[in-house]
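Step one of this worksheet: look at the structure below.
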Amino acid sequence: MGEQHQVHVWENTYIMAPKDDEKFLPSKVTAVIKNVMDGYLSDKEYQAEDAKIWTLDLSNEIKASVKQDVNIPRYKIIVQVVIGEQASQGVRVASKCLWDTSADNYASYTFENTSLFAVGMVFGCYYE
């Protein structure tokens, strides 16, 4: 006889907001960003070609650390990292997003040493 295939039927959970212990807390996420960026960039000197690779490495490492260390299961995590040369200039990093102010949030951290600056931003968007 033929094989029988089991069909999984998924039902809606109707969970419209995160639980109190599963909310995106900027203080916890900022601590994770700080640990990753300080550890990765502490001994680095700015070079334009290397900075391209560092941004990708840092973004992936921050995203993995946030997912592992912070309990936020139903959040989409978006990470953006900007690295530039420290040359006594002023820089403003900004971003826009459309989100639900009751559940979504963001965290950021700025790292500086004598040759470079880096801004790490993590956005947490709750999905129902």
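The values are calculated or read from the model by the stated rules, or taken from the named source; none is laboratory data. Note that this is a predicted model, so its numbers are computed, not measured. Quick reminder, even Gly has a Cβ in these numbers, built from the backbone with ideal geometry, and neighbours come from all protein chains shown. Protein only, heavy atoms only, side chains kept; ligands, DNA and RNA dropped before computing areas. Shrake-Rupley method; radii C 1.70, N 1.55, O 1.52, S 1.80 Å.
Can you give the FRET efficiency for L25 and S95, using 1/(1 + (r/R0)^6), R0 = 30 Å, r = Cβ-Cβ distance, to the nearest 0.05?
0.95
Counting other Cβ atoms within 10 Å of each Cβ, which chymotrypsin sites (Phe, Trp or Tyr not before Pro) in region 1-90 have at most 15 and sit in a DSSP loop?
W10, Y14
Would you please name the GluC sites (Glu not before Pro) within region 57-119 that are DSSP coil residues with at most 10 other C-beta atoms within 10 Å of their C-beta?
none
Report, in debye and to the nearest 20, how large the dipole of the chain comes out about its Cα centre when Lys and Arg carry +1 and Asp and Glu carry -1 on their Cβ.
With Lys and Arg at +1 and Asp and Glu at -1, about 320 debye.
Among the trypsin sites (Lys or Arg not before Pro) within region 6-94, which fall in a DSSP loop and have no more than 11 other Cβ atoms within 10 Å of their own Cβ?
Passing both the DSSP loop test and the Cβ count: K19, R92.
Can you compute the helix-only [θ] at 222 nm over the chain? Use -39500 (n - 2.57) per DSSP H run of at least 4 residues, normalise by all residues, nearest 500 deg cm²/dmol.
-10000 deg cm²/dmol
Between the alpha-carbon centers of region 11-57 and region 71-128, tell me the distance in whole angstrom.
Cα centroid of region 11-57 versus Cα centroid of region 71-128: 8 Å apart.
Roughly speaking, to the nearest percent, how much of the chain's 1.4 Å accessible area is carbon and sulfur?
49
Kindly flag which residue pairs out of K23/K67; K34/K63; K67/K96 have an alpha-carbon separation exceeding 21 Å in this structure.
Among K23/K67; K34/K63; K67/K96, the Cα-Cα distance tops 21 Å for K67/K96.
If you take the Cα Rg of region 40-128 and divide it by 2.2 N^0.38 Å, with N the number of residues, what do you get?
With N residues counted in region 40-128, Rg over 2.2 N^0.38 Å equals 1.20.
Write down the accessible area per residue of the chain in Å², having rolled a 1.4 Å probe over the full set of protein chains.
Per-residue value: 71 Å².
Give the dimensionless ratio obtained when the Cα radius of gyration of region 1-93 is divided by 2.2 N^0.38 Å.
For region 1-93, the normalised Cα radius of gyration comes out at 1.64.
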